[in-house]
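The next block holds one structure in the form of structure tokens; read it before the comments.
The values are calculated or read from the model by the stated rules, or taken from the named source; none is laboratory data. Remember, predicted model here, so these are calculated numbers, not experimental data. Ideal geometry is used to build each Cβ from the backbone, glycine not excepted, and the neighbour counts take in all protein chains shown. Heavy atoms of the whole protein, side chains included, go into the accessibility calculation; ligands, DNA and RNA do not. Shrake-Rupley method; radii C 1.70, N 1.55, O 1.52, S 1.80 Å.
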Amino acid sequence: MEIPYTITARPDTGLWNAKVGIWLFLASEVMLFGGLFSGYLFLRLGADSGYWPHGLLNVPVGTMNTIILIASSVTVVLAWAALKMRQFTRYRIYMAVTIICGIVFLTVKLAYEWPQKFEHFGAYIKPTSLKKYEEYLGNKHLAEKGLPPRFEITGHLHEVEINRADADAAELDAVIKGRDLEITKTEDGGKVVSIKVHSPGDAKALGEVRGLVTNPEEKDPLKQVRKPQGVKIESFELALDEINAHPDSPDNERPSFVPRPLSDKIAEIKTEDIDSDGSAWSAFVPRHSSYFAIYFTITGLHGLHVLAGVLVFIYYMLPVSTKLYRQNPEHLANRVEVAGLFWHFVDLVWIFVFPIFYLL
Amino acid sequence: MSAPIEPHSTAPDAAHSAHDDVGKHVKLYLLIGGALIVCTVLTVALSYVNFNEWFGGGHNWNIIVAMIVATFKAGLVAAIFMHLLHEKWTIYRFLLLTVFFVIGLFALSILAFSDHIKQ
């Protein structure tokens, strides 16, 4: 079936059809992202004082990604303009640059920014134990300055101390071997074990060891019964972030532009002092806080949009599009304009995403 | 690449009259791109200025300032890159409806925090 009005305007709308289509689609996209942004607003307004994190993202990298996305918005509109002027070689160059920008943006996100978050560890201290950790939180200093209090201690996780039951031994050994962890200390006849870990994910895996009640030789997983309680994590040992190493320093009152390196200070946090019955610890993943939950949701959906745009632009570089250009250059120009409108919208969303997550 | 690819279209070609127009716009697009990058650097720089110390009043002024700059940037993208300065009324009508509903959406979020019993 031939789609009508690909170049000439439809009399009643005054527009070629794809343009009406893309704007209706973008209107629905505005509602989609609008819903998520209003979710952000809801979560942020509802957060108690001190519970909305600041300065956890890498601002220079975010700034660079913003500039890359803006540059790609310029090149895509130049690609369209080149097509309008029937400069096909130039069009292909601009299009290639746009695709490269999109891929760089996604690579920075997926290969650098997100994995860095997955390596980071944070634990929220419960209100009744805050005093014990004052040397890492500096709440007295913050109160004097009229700044919101700190409840979280962050850094890189080094070691966990666990308390295991007899039934856990085999599965625990499997986890330690499988993840290439190292036992540094054992006490109480092997029941209390200190284990060196590489990331918060290792600690999570250790905490999930439940041990089997039924015969471990049983092959059918449905016939195996697990205990409600298995390995219990007693404490965490972490290399502190600068902010928790020197919480009274005026430098740490506001987030810094260049992320500060880890300090060489080590802290031990007892699980019994952690909020939500000892469960308020994790890597910087969605379960960490409503901040990271909405951060990963919005940047993830935005990333999918970038990916979709890149795929469409790649299609415009294929021979099939060259063929269309030979037959009907204005049709290709209109297709590029429509994809460009989508791309600018993705850029526009990022213009809001960047300040609300990285800066404010 | 071999010989430059030229279209052999016999269809009526509206583009040729628009050729000069588009050519003039290229400079504008580059200019706007530059302005957007400058605004990005500005947003980052302003976020390290403590506006609350200056203005006070219990509002988080840094958020207000950042949102003004972001809205300005978004306006540039929409008006120039997305050609909304010169668009047909059909599209303006779609967008007016969208703006209306988005404002409603945000109002719902804020409404959730209004407490009728305490007030």
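Among the residues of the range B:33-48, the one identified as open to solvent by 20 Å² or more (accessible area, probe 1.4 Å), facing chain A (nearest Cβ under 7 Å) and at pLDDT 95 or above is B:Ile37. Of all residue pairs spaced 6 or more apart or on separate chains, those with beta-carbon atoms under 7 Å, a first member in the range A:264-291 that is under 14 Å from A:Thr128 (Cβ atoms) and a second member that is part of a loop (DSSP other than H, G, I, E, B) are A:Asp273/A:Lys126; A:Ile274/A:Lys126; A:Ile274/A:Ala280; A:Asp275/A:Lys126.
With respect to the conditions (1) more than 7 Å from chain B (Cβ to nearest Cβ); (2) touching a helix residue (DSSP H, G or I) at 6+ places or on another chain (Cβ under 8 Å); (3) not basic (Lys, Arg), A:Leu45 falls short on a single one, namely (1). Residues of the range B:59-67 include at least one that is under 28 Å from A:Asp251 (Cα atoms) and assigned to a loop (DSSP other than H, G, I, E, B). If the condition is being among the small types (Gly, Ala, Ser) and surrounded by 16 or more Cβ atoms within 10 Å (Cβ to Cβ), then the range A:242-280 contributes A:Ala245, A:Ser263, A:Ala267, A:Gly278, A:Ala280.
Evaluate the range B:77-96: report whether one residue or more is open to solvent by 90 Å² or more (accessible area, probe 1.4 Å), in contact (Cβ under 8 Å) with a residue 24 or more places away in the chain, assigned to a helix (DSSP H, G or I) and more than 7 Å from every other protein chain (Cβ to nearest Cβ). Full working, then the answer.
Going residue by residue through the range B:77-96, those that are open to solvent by 90 Å² or more (accessible area, probe 1.4 Å) are B:85-86, B:88-89, B:93, B:96.
Subset that is in contact (Cβ under 8 Å) with a residue 24 or more places away in the chain: none.
No, the range B:77-96 has no match at all.
None of A:Val104, A:Val30, A:Val59 is more than 10 Å from chain B (Cβ to nearest Cβ) and either open to solvent by 20 Å² or more (accessible area, probe 1.4 Å) or farther than 30 Å from B:Phe94 by Cβ (or both) except A:Val104.
Tell me the residue from A:Tyr295, A:Tyr291, A:Tyr316 that is buried (at least 19 other Cβ atoms within 10 Å of the Cβ), farther than 20 Å from A:Phe105 by Cα and modelled with pLDDT of 95 or more, please. Show your work before the answer.
Working: A:Tyr295 fails: farther than 20 Å from A:Phe105 by Cα; A:Tyr316 fails: farther than 20 Å from A:Phe105 by Cα.
Of the residues listed, the single one that is buried (at least 19 other Cβ atoms within 10 Å of the Cβ), farther than 20 Å from A:Phe105 by Cα and modelled with pLDDT of 95 or more is A:Tyr291.
Scanning the range A:68-101 for residues that are more than 9 Å from chain B (Cβ to nearest Cβ) and small (Gly, Ala, Ser) gives A:Ser72, A:Ala79, A:Ala96.
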